């Protein structure tokens, strides 16, 4: 039995989302968004390296030693799966393990609105889930893929680095591909995808110009494409995609994006104060003809206002989602203020007003 299993059991018993093992430091776990030190001596390079190499095959070891870091997925029996990163740092080897639940939570279990089912029923187009690392993007995407899997007799192809949630085929046929194992890159997998008869394509991360280009092409040619970006809001997501391209191509990309983009979900996670755990506040943009026109005409700055007035269409402003959690007593006022867009709206809830906002 690998020695590292002791740490995995510790993670699961504490409900930790992450485990940090770093030469020269004691082990650390992240619980409800906060780091907690484990009562253990600091880790020694050679011992930690030996422990980590127990769960890496020869190919992964060679890749790590050649590049200095590596990502891959690891299954801890039937208990859990982890997204793993090995890396070198000043004092030696280190690793981070992110828990991936073995059971996919449904749209209903996550408490997501019906808009997410509508996204999962689309026949074509691009739907993006955005937010910082660790904000639950993969969980939200998995719920939509799960809904499509149970309701659509179609081919779903996922491309991830590494594979996170594993779906068993139900109504749909699902094939999972992992970058670095089943394909060389996201771009190579997307090129191949168009010859693999998919109806729905999940792109784990739209990292660069070529990946974004191919995702847009797939969405424009009759496929439903889900993807992620590390952007904080719907408007900034659209700006980010356009800005990736050279200036001379941006008008063309605006036109393409205005036709293919169907929805953007921007997530923020908050630590709960009413009980253990975290809760997500979601900004939701449903792209209709007026929004498409704003994208085409390069009036992205007006989209936030359209979200505010388009609530009947399924749009949800981020501040409304945060305010709902705040008024229900689920989150801390300071946390709400920090992550809000219109901070003036949250000032009355603060016990101490930050200096730039003092009246």
- Message: Please report the projected area of the chain's Cα convex hull averaged over all directions, in nm².
- Response: 20.4
- Label model pair residue 351, residue 175: point-to-point distance (7 angstrom along the Cα→beta-carbon line) in nm is 5.7
- Query: Can you give the extra length, in nm with one decimal, that the chain gains between residue 251 and residue 13 once fully stretched, where that is 0.36 nm per residue apart less the Cα-Cα distance?
  - Reply: 80.5 nm
- Computed over the chain, the relative contact order (Cα-Cα under 8 Å, seq sep at least six) in percent reads 12
- Projected area averaged over orientations for region 1-126, convex hull of C-alpha atoms, nm²: 10.6
- Task: Please work out the Cα center distance from region 197-255 to region 297-317, rounded to the nearest Å.
- Result: 19
- What FRET efficiency comes out for the pair residue 26/residue 150, r = Cβ-Cβ distance, R0 = 51 Å, nearest 0.05? 0.70
- Message: Whole angstrom only: what separates the Cα centroid of region 53-72 from the Cα centroid of region 258-272?
- Response: 34
- Message: Using 0.36 nm times the number of residues separating residue 278 and residue 293, minus their current alpha carbon distance, what extension gain do you get?
- Response: 1.7 nm
- Tell me the label-point distance for the pair residue 85, residue 124, using the 7 Å Cα-to-Cβ offset, in nm and rounded to one decimal. 3.7
- Query: Between residue 188 and residue 39, what is the spin-label point distance in nm, taking each point 7 Å from the Cα along the Cα→C-beta axis?
  - Reply: 4.9
- Item | Percent antiparallel among DSSP beta bridges (both partners in the chain, rounded to 5) | 60
- Query: Taking the Cα centre of each part, how many Å lie between region 153-177 and region 1-46?
  - Reply: 30
- Rounded to the nearest 500 deg cm²/dmol, what is the calculated helix-only ellipticity per residue at 222 nm for the chain, with -39500 (n - 2.57) per DSSP H run of length n ≥ 4? -10000 deg cm²/dmol
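All of the numbers you see were taken from the coordinates with simple rules; none came from a lab. Predicted, not measured: the structure shown is a model, and the values here were computed from it. No Cβ is skipped: glycine too gets one built from the backbone with ideal geometry, and neighbour counts run over all protein chains shown.
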